[in-house]
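J.: Here it is: the structure, laid out below.
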C-alpha cells in the first residue's frame, strides 16, 4: 500500500508525480533572507510560471519548493504557478537555519509542541500566507507536503535542534516527510541520527546539498541508513564540475544504493533563471543534465530511478 503525496493542488498517488526537481525555489518575496542576500529575490509569479512551464516542456512533472516559514514563501503564488504551468508543486512548512531569522522571531520563544502544532496545521489545513507573522491568520488553501529542518556549517545549534524536534513531532502528527538543509553538506549523518533519536525513520528523511561535500564514504554511510541524498550541483559549476556529481551517483549505484538519490536544482538566485535574463534555468535538470547522464553511460532504468521512482518513494506520507 502506498502513501499519498501532498501537493499544493491536493493529494496525488506517487505514480502521478513524474520527473521531479527535488529541491527548488520558485518564489522568495520578502523576509530577512532578502536583506542578507538580495540576489535571492524571486518575487515575480509570472517569471516562476515561465520557468515551471519550461521545466514541463522538457518532461518535468513535479517541483519541490523548499522555502519554509519565514523565508519569503508565497503559498498562494505557488498554487498559481502549479495551476498555470500544470506542474505538481510540493511546498514546505518548517524552518530554515536560525541565522535566517531575527532574534525576535517566534521560533525562539514558542515551545516545541506549539511550533509542531503550527507546522501540522500547515500540512493539514493550509499554509499561512504570511508565515504566521500575525496578528491575523491568513490561511491558503494550498497545504504543505514536506517539513523543513536545517543546520549550519559543522554544527546543530540549540535553536536549530529545536527546529528538528518540532519537525519530528510534526512528522509523527501528520506523516509528512522531512526535508533538511545541510550547510555545504556537513552534519548530514548527524541530522539523520538526531531525527532517528526523535522517532523518525530515515526512509522519511531527505537530506539536501550533500554533493557539496563530495566524499563517497560519507554518502555511502548516509545512504545505507535508508535516508535520501539530494544532489543539486547540476548547472552550478562554480562549486565543482558536474563530473564530480556524476561520479558520486555512479559510486552509489555500484554499491546498490542508487535508490537513495534525488536530483534537484536549487536555483535560488535571479541570475540562475532564464526568465530574469540569466541561466541555466530550472529546466536544466531535464534539458541538459538528463542527456548527459545517458551519454555518461547510465541506463534508462537508473535514470528513471533518479528522476521519478526515488522521488515517488521519498515524498510519500507515512502510513502508520
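J.: Suppose the chain between residue 201 and residue 303 were pulled fully straight at 0.36 nm per residue; how much longer would it get relative to their current alpha carbon spacing?
T.: 34.1 nm
J.: Can you give the log10 of the normalised intensity I(q)/I(0) at q = 0.16 Å⁻¹, computed with Debye over equal Cα scatterers of region 1-52?
T.: Cα-only, vacuum Debye calculation for region 1-52: -0.66.
J.: Once the Cβ-Cβ distance between residue 294 and residue 99 is put in as r, and R0 is 35 Å, what FRET efficiency do you end up with, to the nearest 0.05?
T.: Numbers: r = 40 Å, r/R0 = 1.14.
Efficiency, rounded to the nearest 0.05: 0.30.
J.: Further question on the same structure: In deg cm²/dmol, rounded to 500, what helix-only [θ] at 222 nm does the chain give when every DSSP H run of at least 4 residues adds -39500 (n - 2.57) and the total is split over its residues? Mind showing how you got there, number by number?
T.: On the way: 11 runs with 107 residues, N = 320.
Taken over the chain, the calculation gives -9500 deg cm²/dmol.
J.: Return P(r) of the chain (all Cα-Cα pairs; 20 Å bins starting at 0; whole %; ordered from short to long distances).
T.: Result, from short to long distances: 36, 61, 3 percent.
J.: Once the principal axes of the Cα atoms of region 1-150 are found, what is the range along each, listed largest first in whole angstroms?
T.: Here the Cα extents, ordered largest to smallest, are 44, 40, 26 Å.
J.: Counting other C-beta atoms within 10 Å, which of 160, 113, 152 has the fewest, and how do the rest follow?
T.: 113, 152, 160
J.: Between residue 154 and residue 84, what length in nm is gained on full extension when 0.36 nm per residue of separation is reduced by their alpha carbon distance?
T.: 21.2 nm
J.: Remind me, what semi-axes does region 198-237 give for its equivalent ellipsoid, largest first in whole Å, using sqrt of 5 times each Cα gyration tensor eigenvalue?
T.: Output for region 198-237: semi-axes of 21, 12, 6 Å.
Values quoted throughout were computed directly from the atomic coordinates according to the rules given, and no laboratory measurement underlies them. Just so it is clear, the model here is predicted, and its values are computed rather than measured. A quick note on method: Cβ atoms are made from the backbone with ideal geometry, for glycine too, and the neighbour counts reach across all protein chains shown.
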